[in-house]
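A quick write-up on the structure given underneath.
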Amino acid sequence: MNRRVLLNGLLLVVFLVVIGLIFFVQRDFTQRNFDFMPGMVSYVAYKPQADLPVRDVKRLVAPKVEGTVARGFMPLDYKSTPEDAQRAGRELVNPVADTNLAALERGAAVYARMCQPCHGPTGQGDGLVSQHGFPPPPSLYAENAMKMKDGQMFHIITYGQKNMPALASEVKREDRWNVIRHIRSLQQKSLASRKP
């Protein structure tokens, strides 16, 4: 019986101490709690391009599966050479139809944003950039441009040529074809206006 009274008395004292601590010890709720296992709360994040502190890096980097292509990036089997530009002219065909009005509108919008500063609004090579001292590009109505195949024009837009920079990183592949379709419509209008 004495043991039971002693145990109950001890539990009562512990209970009163806990209640006293709750009321008398004020916690600052603006501060974080004490972390018993800090590795579970925060971790060291590695930068993607940094060297990893692991000796066997091959285990961390998954090997590239043969025949796969990164999402959003379809490779071109051409180099930025005049020979490959000619080859692209023979091999590549514009997938945008002449009658696709939405593609023509999109091509006109991309042309106005990306091409017009140099080539001018109508393609004469009289854009604002050339008016301020930069060498003007050739007219899109010149004989060479009129006879150029769509694939070769696509190659030039993609890889650049002479003073023209490569625009592959700024203009999506579909938009390059849309711009070519817009240029072809400008050329057709020019030809139609020349006929008596």
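The values are calculated or read from the model by the stated rules, or taken from the named source; none is laboratory data. Values in this document were obtained by computation on a predicted structure and should not be read as measured data. Positions of Cβ are generated from backbone atoms using ideal geometry, with glycine treated the same way; all protein chains shown enter the neighbour counts. These accessible areas exclude ligands, DNA and RNA; they are computed on the full protein's heavy atoms, side chains included. Shrake-Rupley method; radii C 1.70, N 1.55, O 1.52, S 1.80 Å.
Odds and ends about this structure:
- Straight-line reach from K189: taking Cα to Cα under 19 Å and skipping same-chain neighbours fewer than 8 places apart, the aspartates and glutamates in range are D98, E105, D126, E143, D150.
- Farthest positive-ward along the chain dipole, Cα basis, beta-carbon charges - from S80, M146, N33: N33
- Given charges at beta-carbon only (K, R positive; D, E negative), |dipole| of the chain in Debye: 380
- Once the Cα atoms are used to define both axes, helix 101-110 deviates from the longest principal axis of the chain by about 80 degrees.
- Rounded to the nearest 20, the Cβ-based charge dipole of segment 102-173 about its Cα centre (Lys and Arg +1, Asp and Glu -1) stands at 200 debye.
- Here the 3J(HN,Hα) profile of segment 31-37, calculated from phi with Karplus coefficients 6.51, -1.76 and 1.60 at θ = phi - 60°, is 9, 6, 5, 6, 8, 6, 10 Hz, Gly and Pro shown as x.
- Anisotropy class of segment 106-166 from Cα gyration tensor, a/c 1.5 cut: rounded
- The chain - percent of accessible surface contributed by carbon and sulfur, probe 1.4 Å: 61
- Amide H contacts of G120: G125, D126, G127, L128, each under 5 Å away and 5 or more positions distant or on a separate chain (H built 1.01 Å from N in the peptide plane; Pro and chain starts excluded).
- Spin-label model, F15 to R90: label points 7 Å out along the Cα-to-beta-carbon direction sit 9.7 nm apart.
- Folded to 0 to 90 degrees: helix 150-159 orientation relative to the chain principal axis, Cα: 50
- Enclosing the Cα atoms of the chain in their convex hull gives a volume equal to 344 cubic angstrom per residue.
- Positive dipole terminus of the chain, leading residue within H182, G160, I19 (C-beta point charges): I19
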